[in-house]
Amino acid sequence: MHNMNFNIEIPIIINILNNNGVILCPTDTIWGLSCDAKNRIAIEKVFELKNRPQNKSCIVLMKNEEMLKSFVTHIPTAYYALKNEAKKPTTFIFTSNGILKQPVCSTENTIAVRIPNDDFCQEILHQFNTPIISTSAN
């Protein structure tokens, strides 16, 4: 559990995300640098901070399958079975419907998606109501 007060930190974080900002966000596995997955200016900041090549896509964090449906062409039925069998956090690859662009998507027009269980990360996703990218903070 993170020592954070949702009532205080979340509005500050949402404000940062709404203003081309980058945040440090806990996920189920690591702390990651994150930003609005649709905001090109913020994405460029993350890539610059990480010195990450533009051709290397990121994981996209989404709050739930309902959000996922808005950004992919379809969700294969196998996803639900695999998701339910997964014992640890799992990233799934989907075909993008074109809303999310490179470098969030790969050159093959796919996106790597994870729906995190971390309470704080989920609260950010629910209140921001937009996917965020995540890349390790190392």
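Observations on the structure shown:
- Residue list for region 13-32, restricted to those being in contact with a strand residue (DSSP E or B) (Cβ under 9 Å, 6 or more places away or on another chain), surrounded by fewer than 21 Cβ atoms within 10 Å (Cβ to Cβ) and part of a helix (DSSP H, G or I): Ile16, Asn18
- Filter result (within 21 Å of Ser134 (Cβ to Cβ) and among the aromatic types (Phe, Trp, Tyr)) within region 68-98: Phe71, Tyr79, Phe92, Phe94
- Residue within region 122-136 that is touching a Cys at 6+ places or on another chain (Cβ under 8 Å), modelled with pLDDT under 95 and farther than 19 Å from Ile10 by Cβ present: yes
The values are calculated or read from the model by the stated rules, or taken from the named source; none is laboratory data. Nothing here was measured: the structure is a model prediction, and the numbers come from that model. Every residue, glycine among them, receives a Cβ derived from its backbone with ideal geometry; neighbour counts consider all protein chains shown.
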